[in-house]
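The values are calculated or read from the model by the stated rules, or taken from the named source; none is laboratory data. Predicted model, so just to flag it, every value in this text is computed and none were measured. We place every Cβ from the backbone using ideal geometry, glycine too, and count neighbours over all the protein chains shown. In case anyone asks, the SASA skips ligands and DNA or RNA and just uses the protein heavy atoms, side chains included. Shrake-Rupley method; radii C 1.70, N 1.55, O 1.52, S 1.80 Å.
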Amino acid sequence: MIKMSDIVADIEYLPPFSKVAQKAMTIIRNEDFSVRELTDLIKYDPALTANILKVVNSAAYAKSTEISDLQTAISYLGVNQMTSIIMISAARKYFEKFLPGYESIQGEIWEHSLSVATISQELIRYEPNLDSAILFTAALLHDIGKIIMSQYVSDEFEKIITLVQETSIDFTTAERKIIGFTHPVVGSAILKKWNFSKVITDVAKFHHNPERSNSPYVNIVSLSDYIAFLIGKMSTRDSLAYSGYEQLLLKYNIKSRELDQIISGSVDKIKDLVDNLTL
């Protein structure tokens with residue numbers, strides 16, 4: 001089994017999360033935020049600026065004239081759209097490399113993360129008091145622990161799968177038994193290192209065990225994670241990690257017909273997000 005010191009060393013090696021993104025999210029969460037203030041912050045980040053202009057000029061908005069001014073673009077886009085662009089632009093660099101312990105094809109985890117974040121915005125209706133920006137961020141980063149764990153899972157993948165098949169335990173339990181740590185625990189440690197709130201670190205830590213948390217953010221992301229699996233937006237290698245989500249469907253009284261509607265309402269939105277903001 002690996003040692004915690006190995007994990008800590010790998011976390012220290014990660015580049016810090018974008019301060020521009022975190023400051024931008026602080027601004028956006030203020031209901032009376034200034035577009036000019038947000039523009040003055042973002043304009044020094046060329047990649048983020050490019051993504052904002054790309055989205056606002058996409059076919060989804062079907063405008064007659066191109067928008068080339070950042071402040072105009074920010075004014076045109078809603079808070080939810082700005083949240084997704086900012087956080088996706090900041091997070092994508094961590095998923096650029098192939099993660100062999102979890103992915104069969106490069107980009108699977110990134111597409112899964114985008115899917116979970118998108119679905120979480122559909123499910124927020126069941127917890128209307130949640131902050132949609134925090135929920136989106138937590139959902140997008142729920143699997144961040146895999147970027148560290150991938151090297152260890154890659155080495156021990158066959159042992160993990162054998163244990164899952166022989167004992168019928170889920171993938172994360174097998175991670176802990178074979179490696180000593182799970183990607184939720186490591187993800188929580190990474191987010192703490194980056195100074196994210198406890199709400200967000202708890203989502204990373206408990207998204208496969210929502211019964212161990214009383215957080216509605218954990219519940220919604222966990223259920224979003226499961227629905228992404230149903231849609232087929234998951235990393236094929238750890239798809240056996242999903243169990244116990246029937247309780248969440250019961251908690252929110254989501255029947256089969258309503259679940260089908262949630263799925264159909266999410267598919268096109270996921271496709272648009274993946275098409276507009278791919279790696």
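Structure values in brief
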| quantity | calculated |
| --- | --- |
| Residue among Gly101, Gly107 that alone is open to solvent by less than 20 Å² (accessible area, probe 1.4 Å), farther than 27 Å from Val267 by Cβ and under 20 Å from the mean Cα position of the chain (by Cα) | Gly101 |
| Qualifying residue in the stretch 59-69 (condition: surrounded by 14 or more Cβ atoms within 10 Å (Cβ to Cβ) and among the basic types (Lys, Arg)) | no |
| Odd one out for Asp40 among (1) in contact (Cβ under 8 Å) with a residue 60 or more places away in the chain; (2) open to solvent by less than 100 Å² (accessible area, probe 1.4 Å); (3) among the charged types (D, E, K, R) | (1) |
| Only one of Ser58, Ser113, Ser84 that is touching a residue at least 12 places away in the same chain (Cβ under 8 Å) and touching a Ser or Thr at 6+ places or on another chain (Cβ under 9 Å) | Ser84 |
| Elements of type helices (runs of 4 or more DSSP H) contained in the stretch 1-90, each with 2 or more residues being more than 22 Å from the chain's Cα centre (by Cα) | 4-13, 35-42, 46-56, 70-76 |
| Residue in the stretch 202-213 that is over 15 Å from Tyr245 (Cα atoms) and surrounded by fewer than 17 Cβ atoms within 10 Å (Cβ to Cβ) present | no |
| For Asp143: the one exception among (1) buried (at least 24 other Cβ atoms within 10 Å of the Cβ); (2) charged (D, E, K, R); (3) more than 30 Å from Asn253 (Cβ to Cβ) | (3) |
